[in-house]
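First up is the structure itself, then whatever we jot down about it.
The values are calculated or read from the model by the stated rules, or taken from the named source; none is laboratory data. All of these numbers come straight from a predicted model, not from anything done at the bench. Because the Cβ atoms are built from the backbone with ideal geometry, glycine has one as well, and the counts that use them run over all protein chains shown.
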Amino acid sequence: MAGELNRRVLQLIPSDLENDPKFLTFLAANVPKAELHIHIEGALEPELALKLAARNNVTEVLSKYDSSVAKLRESYNFSDLQSFLNVYYDTMQVLRTADDFFCLTRAYLEQARIQHVRHVELFFDGPFHVRRGVRLSSVIDGIRSALENAEAEWGLSWRLLMCLQRELPPEEALHCVRQIGPYRPWIHGIGLDGAEKPNPPERFADAFNLARSMGLHCVAHAGEEGPPPYIYTALNVLHVERIDHGVRAVEDPSLLEMLRVRLVPLTVCPLSNWRLRVVESLAQHPIKELMDAGLCVTLNSDDPAYFGGYINENFSAMIHEKHLNCTQVLGLLENSFVASFLEPNQRNLFLGEQCSAVESCVRTWQTDPNRHESVVSTA
């Protein structure tokens with residue numbers, strides 16, 4: 001099905017709209033899509049963090065931010081990945097019970113629904129929560145309940161992946177993977193996140209070997225701040241199916257070719273890359289170079305509460321700052337399902353929905369004077 005969206009609907013889009021950023025932003029915002037790189041802890045908005053801190057009598061964990069929404073938001077002026085993680089791990093301390101994780105997940109899913117996300121592959125940070133004394137069952141049960149409710153209420157499709165944190169000992173990662181057994185019906189894969197420097201992927205080979213033996217999908221953050229060799233290692237030692245971020249692959253033509261030949265998708269998060277100084281500006285983001293190299297690139301929000309936008313805001317930013325054309329936008333939308341862990345029949349159904357939605361967007365744009373109300377402003 002790859003390329004089907006472009007083939008079927010590009011001819012329906014008038015030539016004067018093919019490079020119109022307002023139309024393309026409207027299109028991206030209103031077409032069904034999948035989000036494949038979202039950390040549920042990174043969707044913890046300051047208002048909810050303070051509410052949960054008060055409910056759980058742990059207001060002291062946010063005292064360095066004066067327990068204030070404004071002060072929390074002021075701390076989001078990050079200089080690099082580690083400066084973000086410092087705040088991220090602080091704020092995460094308010095999550096204590098299954099209901100906390102339910103409320104957090106529900107809040108993200110309601111936003112995702114508004115932005116026409118039909119399928120989500122959600123990360124959660126298992127070892128970190130276990131280390132701070134939260135039972136893995138509480139984390140999984142809360143997230144799963146919210147996902148199942150959304151599936152029943154509005155037909156959301158989902159997969160759940162547990163991320164291992166690079167900063168923690170590999171033994172803790174392996175221990176958490178061993179605990180997945182009872183939750184296997186709801187856990188579909190594992191990932192690797194946290195500070196890339198100085199934590200190369202091979203430290204977690206045992207945990208990934210065990211996960212693969214359990215039939216779990218494997219993905220890993222690599223090539224965000226870490227160098228291109230980290231991507232090679234994630235592919236050849238951890239044997240991952242997708243690379244999360246991967247933007248530094250542009251530095252190595254041989255690596256780009258390997259990713260293309262192996263059909264390894266990249267889950268790219270532009271606002272995150274900009275806010276964490278991986279790129280100096282959105283205009284310098286290498287998304288076009290990655291697409292031009294023939295890679296399967298997807299757009300995602302990573303940690304939207306901290307980086308200034310959810311998935312539609314990431315599309316808007318790239319459309320305006322990188323001057324994406326219609327073919328490129330349609331390709332990113334299509335790739336969101338192509339790169340997913342959906343079964344082929346489910347994937348094809350969603351791709352069919354995309355085609356119908358594009359046709360509807362063209363008609364709406366041409367006939368509805370209120371269409372601009374749905375356009376997301378650039379980040």
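In the set (1) in a helix (DSSP H, G or I); (2) closer than 30 Å to R144 by Cβ, the condition left unmet by F26 is number (2). For region 154-210, filtering for residues that are free of Cβ contacts under 8 Å to residues at least 12 places away in the same chain and among the β-branched types (V, I, T) leaves 0. Limited to region 60-93, what total is found for residues that are over 13 Å from R275 (Cβ atoms) and either of a type in the set (V, I, T) or part of a helix (DSSP H, G or I) (or both)? Result for region 60-93: 17.
From the list R96, R118, the one residue that fits, being touching a residue at least 40 places away in the same chain (Cβ under 8 Å), over 22 Å from W274 (Cα atoms), assigned to a strand (DSSP E or B) and not hydrophobic (A, V, I, L, M, F, W, C), is R118.
Each row is one residue, and each column tells you yes or no for (1) at pLDDT below 95; (2) touching a His at 6+ places or on another chain (Cβ under 7 Å); (3) surrounded by 19 or more Cβ atoms within 10 Å (Cβ to Cβ).
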position: D141; (1), (2), (3): no, no, no
position: L160; (1), (2), (3): no, yes, yes
position: A173; (1), (2), (3): no, no, yes
position: Y183; (1), (2), (3): no, no, no
position: I187; (1), (2), (3): no, no, yes
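Looking at P286, P265 in this structure, which one is under 26 Å from E18 (Cβ atoms), at pLDDT 95 or above, in contact with a Cys (Cβ under 6 Å, 6 or more places away or on another chain) and surrounded by 21 or more Cβ atoms within 10 Å (Cβ to Cβ)? When all the criteria are applied, what remains is P265. Just one of the listed residues (L351, L324, L342) is touching a residue at least 40 places away in the same chain (Cβ under 8 Å) and in a helix (DSSP H, G or I), and it is L351. All told, A293 falls short of being among the aliphatic types (A, V, I, L, M), in contact with a Ser or Thr (Cβ under 6 Å, 6 or more places away or on another chain), at pLDDT 95 or above and over 30 Å from V69 (Cβ atoms). For the structure I just gave you, tell me whether S316 is surrounded by 15 or more Cβ atoms within 10 Å (Cβ to Cβ), under 18 Å from the mean Cα position of the chain (by Cα) and either in a helix (DSSP H, G or I) or among the basic types (K, R) (or both). Judged against the criteria, S316 is a match. A count restricted to region 142-195 and to residues that are within 30 Å of L351 (Cα to Cα) and part of a loop (DSSP other than H, G, I, E, B) stands at 7. Residues in region 264-287 that are among the aliphatic types (A, V, I, L, M) and within 16 Å of L36 (Cα to Cα): V264, L266, V268, L271. Take region 243-275 and flag every residue that is within 14 Å of L299 (Cβ to Cβ) and out of contact with any His (no Cβ under 9 Å at 6 or more places or on another chain). Result: P265, L271.
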